[in-house]
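K.L.:
There's a structure below that I have some questions on.
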Amino acid sequence: MRIIQYQESYSSRMIKQIMPRIFILLGLIILFFIIFVILPLKISILKSYWWIMLLFAGIIIPPLFENVKSLQEEIEFLKYGKEGEEEVLQILEESLDDNFIYISNYVIPNTRIGDIDGLLMGPKGIIILEIKNYAGFFRVSGGDLYRKLKGDIYKLYKKNPFKQIIKQKDYLEKFMMK
């Protein structure tokens with residue numbers, strides 16, 4: 001199977017955008033800690049205001065930590081998705097011969113629907129792959145995807161890959177018919 005990397009994956013691009021924000025937030029945390037905790041202890045005129053400064057730091061710093069934690073969780077989620085795409089590609093490479101071409105992260109020109117995780121082209125046609133690395137138990141009913149909460153309780157899953165792939169198929173057909 002021949003592989004064509006159309007562009008960098010969405011996950012990789014997002015990780016590159018998030019990392020600088022994490023470093024900026026960590027820098028702000030350190031800066032506020034120095035200004036509101038360390039400096040008042042070192043500068044005699046500020047020692048009498050140390051408790052006020054400490055209280056102020058206690059108000060400002062925790063939300064910054066929460067933002068860092070949230071961004072780190074988002075990066076982990078993106079890495080998990082990227083791993084799923086790599087696993088699917090590995091399985092396809094091991095299973096398919098040179099009659100197949102795989103295009104990863106394809107963007108249909110002049111559309112704003114994001115990238116198609118994979119286009120698999122072979123002797124019988126084109127298959128659109130939308131790769132998800134979801135965990136848990138799911139149920140499919142018609143075009144809807146439900147995620148198991150507990151027992152026999154399922155909730156409609158908002159990130160529906162079926163609707164996404166239908167939209168991609170429609171746009172790809174329009175593009176190819178031009």
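K.L.:
Name the GluC sites (Glu not before Pro) in segment 1-89 that are in a loop by DSSP and that have at most 13 other C-beta atoms within 10 Å, would you?
P.N.:
Here the GluC sites (Glu not before Pro) that fit, given the DSSP loop and packing criteria, are Glu8.
K.L.:
Rounded to the nearest 10 degrees, what's the angle between the helix 10-33 long axis and the longest principal axis of the chain, both from Cα atoms, 0 to 90?
P.N.:
Helix 10-33 sits roughly 0 degrees off the main axis of the chain.
K.L.:
Here's another thing I want to ask about it. Output the relative contact order of segment 1-134, whole-number percent, from Cα pairs under 8 angstrom with separation of 6+ residues.
P.N.:
Worked out over segment 1-134, it gives 33 percent.
K.L.:
Roughly how many Å² of Leu119 are accessible to a 1.4 Å probe, to the nearest 10?
P.N.:
Ignoring ligands and nucleic acids, Leu119 comes out at about 10 Å².
K.L.:
In addition: Going from most exposed to least, what order do Lys148, Lys42 have by accessible area with a 1.4 Å probe?
P.N.:
Lys42, Lys148
K.L.:
Quick one: Debye curve from the C-alpha atoms of segment 18-69, no solvent, what's log10 I(q)/I(0) at q = 0.14, 0.19, 0.25 Å⁻¹?
P.N.:
Taken in order of the listed q values, log10 I(q)/I(0) reads -0.38, -0.61, -0.85.
K.L.:
Run lengths n ≥ 4 of DSSP H only: what is the helix-derived mean residue ellipticity at 222 nm for the chain, with -39500 (n - 2.57) per run over all residues, to the nearest 500? Don't skip to the answer; put the middle values down first.
P.N.:
Numbers: 4 runs with 90 residues, N = 178.
Per the formula, -17500 deg cm²/dmol.
K.L.:
Starting at 0 and stepping by 10 Å, how many percent of the alpha carbon pairs of the chain end up in each bin?
P.N.:
Spelled out bin by bin, the chain gives 8, 23, 25, 17, 12, 9, 5, 1 percent.
K.L.:
Return the loop-located trypsin sites (Lys or Arg not before Pro) in segment 48-113 (DSSP other than H, G, I, E, B) with at most 10 other Cβ atoms within 10 Å of their own Cβ; answer none if there are none.
P.N.:
Arg112
K.L.:
Taking the Cα centre of the chain as the origin and placing charges on Cβ (Lys, Arg +1; Asp, Glu -1), which of Ser9, Ala57, Ile127 is farthest toward the positive end of the dipole?
P.N.:
Value computed over the given set: Ala57.
K.L.:
Show me the chymotrypsin sites (Phe, Trp or Tyr not before Pro) within segment 94-175 that DSSP assigns to loop and that have at most 14 other Cβ atoms within 10 Å of their Cβ.
P.N.:
For chymotrypsin sites (Phe, Trp or Tyr not before Pro) across segment 94-175 that sit outside H, G, I, E and B with at most 14 neighbouring Cβ atoms in 10 Å, the list reads Tyr134, Phe137.
K.L.:
Can I ask one more? How big is the charge dipole of the chain about its Cα centre, in debye rounded to the nearest 20, if each Lys and Arg gets +1 on its Cβ and each Asp and Glu gets -1 on its Cβ?
P.N.:
840 debye
K.L.:
For a Förster distance of 25 Å, can you work out the FRET efficiency between the beta-carbons of Met177 and Asn99, rounded to the nearest 0.05?
P.N.:
Result of the calculation: an efficiency of 0.55.
K.L.:
Averaged per residue, what accessible surface does segment 11-161 expose to a 1.4 Å probe, in Å²? Mind showing how you got there, number by number?
P.N.:
On the way: 10180 Å² over 151 residues.
That works out to 67 Å² per residue.
K.L.:
Something else: About the Cα centre of segment 35-120, how large is the charge dipole given +1 on each Lys and Arg Cβ and -1 on each Asp and Glu Cβ? Please answer in debye to the nearest 20.
P.N.:
1300 debye
The values are calculated or read from the model by the stated rules, or taken from the named source; none is laboratory data. Bear in mind that the values here come from a model prediction, so they are computed numbers and not experimental data. Ideal geometry is used to build each Cβ from the backbone, glycine not excepted, and the neighbour counts take in all protein chains shown. Each accessible area value is taken on the protein alone, full model and side chains, heavy atoms only, with ligands, DNA and RNA left out. Shrake-Rupley method; radii C 1.70, N 1.55, O 1.52, S 1.80 Å.
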